[in-house]
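To start, the structure itself, in structure tokens.
The values are calculated or read from the model by the stated rules, or taken from the named source; none is laboratory data. From a predicted model like this one, the values you see are computed outputs, not experimental measurements. Cβ placement follows ideal geometry from the backbone for every residue including glycine, while neighbour counts extend to all protein chains displayed. For accessibility, only protein heavy atoms count, side chains too; no ligands or nucleic acids. Shrake-Rupley method; radii C 1.70, N 1.55, O 1.52, S 1.80 Å.
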Amino acid sequence: MQKDALLLGGTGQVGTATARALLADGYAVTIAHRGTRPLPPELAGHVTELSLDRSDQDSLIAAARGRDLVLDCIAFDPADAEPYRALVGDIGSLVMISTASVYLGANGTWMDAATSDDDFPRLAVPVTEQHPIVTAEVEGYSPQKAALERALFTIEGLPVTVLRPGAIHGPGSPALREWYFIKRALDGRRRVPLVDGGTSRFATSATVVIAELVRLAAQHPGARVLNAVDDDAPTVLEIGQAVFDHLGHDATFVAVDRGPESSVGYTPWSVPVPVVLSMQAAIDELGYVPVGTHRSTVGPAIDAMLAAVADRDWREAFPGLTRYGADEWFDYASEDALLDS
């Protein structure tokens, strides 16, 4: 009998990657969304679309009941766990997308609470799933996601796998961090300054990696938390090299000093201490075999972004990047002034 999956928020980068993986595995896939983002053309006709507002708990319960797999990409706070109390025994496996930013630093802070290098969370290397997470009952992305996780695990008998990705990359990304290097290649920049010489490491997560973990969690239902990151935890320098190699662009990377006086050389991954996550639990519990490195998986995301900006300004195509502060990434005048000094 064909297995059946419901993907909530399924038109996003994680949902579409998961749909491809599940279709290849023989699933019937229903993508639930609010209609604000169209399906990729290659999925149209191969999945069922369902118009659904996730805040409508009755509709969510009705749509999820009887499914072999439910993937929830958009749950955010403890209230979003409540519909699943009514679904214990009625779904085969639930997978919830959380975030690596729930991890609490030894210095008592977390990623979106940090205001400078000094109060950035200090984490073990690598971070395992047993590492403490944020407990502060305050607003904010990380505290609310952490509270959501705790709420899910109060539901007795719920077969929920919580996945904690890092810096996500993949086709359909609304804010692909690799744009930092892609645009420099398009602009013909031959010198690229990097703080710390590009040695910073912030775990990356390919959507195909997340999708494979979702597929495996459906095969092995249980109550667990798993990291969901690429196998290699690349340095910033390695990320830049991978992007430029894919684009056939030659550039020299130049080490610059880290400091509060200038933003030159700071990338979206330039954290002051390593953020490296262990994938051993996924290997042990799901039989996960690493899908690939950042270098081997990032190409389709780069190509998709190039296609999206071929006939329009990048700010129009990717407004999420501007909200992420990407306008400040390309101050070439300041870069040249520092490099020429």
Original post:
Does at least one position in segment 326-335 carry a residue that is of a type in the set (A, V, I, L, M) and open to solvent by less than 70 Å² (accessible area, probe 1.4 Å)?
Top reply: yes
Subject >> Scope segment 1-25; condition closer than 19 Å to D90 by Cβ and open to solvent by 10 Å² or more (accessible area, probe 1.4 Å); matching residues >> reply: M1, Q2, K3, D4
Original post:
Pick from P171, P165: which is under 24 Å from T128 (Cα atoms) and touching a helix residue (DSSP H, G or I) at 6+ places or on another chain (Cβ under 6 Å)?
Top reply: P165
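Kindly indicate which of A255, A218 is in contact with a strand residue (DSSP E or B) (Cβ under 6 Å, 6 or more places away or on another chain) and modelled with pLDDT of 95 or more. Talk me through it step by step, then tell me what you get.
Working: A255 fails: in contact with a strand residue (DSSP E or B) (Cβ under 6 Å, 6 or more places away or on another chain).
Within the list A255, A218, the selection yields A218.
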**OP:** With the condition kept exactly as written, say whether any residue in segment 50-68 is within 27 Å of L176 (Cα to Cα), touching an Asp or Glu at 6+ places or on another chain (Cβ under 8 Å), open to solvent by 30 Å² or more (accessible area, probe 1.4 Å) and touching a residue at least 12 places away in the same chain (Cβ under 8 Å).
**Re:** no
**OP:** Report, by residue number, each residue of segment 309-325 that is assigned to a helix (DSSP H, G or I) and open to solvent by 80 Å² or more (accessible area, probe 1.4 Å).
**Re:** R315, E316, R323
**OP:** Identify, by number, the condition in (1) among the small types (G, A, S); (2) open to solvent by 20 Å² or more (accessible area, probe 1.4 Å); (3) modelled with pLDDT under 95 that A233 doesn't meet.
**Re:** (2)
Subject >> Scan of segment 181-199 for residues that are open to solvent by less than 10 Å² (accessible area, probe 1.4 Å) and more than 15 Å from V254 (Cβ to Cβ), ordered by number >> reply: I182
Original post:
Considering only residues of segment 26-49 that are among the β-branched types (V, I, T) and open to solvent by 30 Å² or more (accessible area, probe 1.4 Å), which is modelled with the lowest pLDDT?
Top reply: T36
Subject >> Pairs, first within 11 Å of S98 (Cβ to Cβ) in segment 135-161, second surrounded by 15 or more Cβ atoms within 10 Å (Cβ to Cβ) and of a type in the set (F, W, Y), C-beta under 6 Å, six or more apart >> reply: S142/W110
**OP:** Might you check whether a residue that is among the hydrophobic types (A, V, I, L, M, F, W, C) and open to solvent by 70 Å² or more (accessible area, probe 1.4 Å) occurs anywhere in segment 266-285?
**Re:** no
Subject >> Selected residue (criterion: surrounded by the fewest Cβ atoms within 10 Å (Cβ to Cβ)) from residues of segment 292-308 that are at pLDDT 95 or above and outside any helix (DSSP H, G or I) >> reply: T293
Subject >> A242 vs. criteria in contact (Cβ under 8 Å) with a residue 40 or more places away in the chain, surrounded by fewer than 17 Cβ atoms within 10 Å (Cβ to Cβ) and within 17 Å of P193 (Cα to Cα) >> reply: no
Original post:
Within segment 200-207, is there a residue that is among the hydrophobic types (A, V, I, L, M, F, W, C), open to solvent by less than 10 Å² (accessible area, probe 1.4 Å) and closer than 27 Å to A151 by Cβ?
Top reply: yes
**OP:** Scan segment 318-341 for residues that are touching a helix residue (DSSP H, G or I) at 6+ places or on another chain (Cβ under 8 Å) and at positive phi and report the count.
**Re:** 0
**OP:** Scan (1) open to solvent by 20 Å² or more (accessible area, probe 1.4 Å); (2) within 30 Å of T11 (Cβ to Cβ) for the single condition A113 breaks and write down its number.
**Re:** (2)
Original post:
Within segment 116-148, how many residues are in contact with a helix residue (DSSP H, G or I) (Cβ under 7 Å, 6 or more places away or on another chain) and crowded, with 18+ Cβ neighbours inside 10 Å?
Top reply: 9
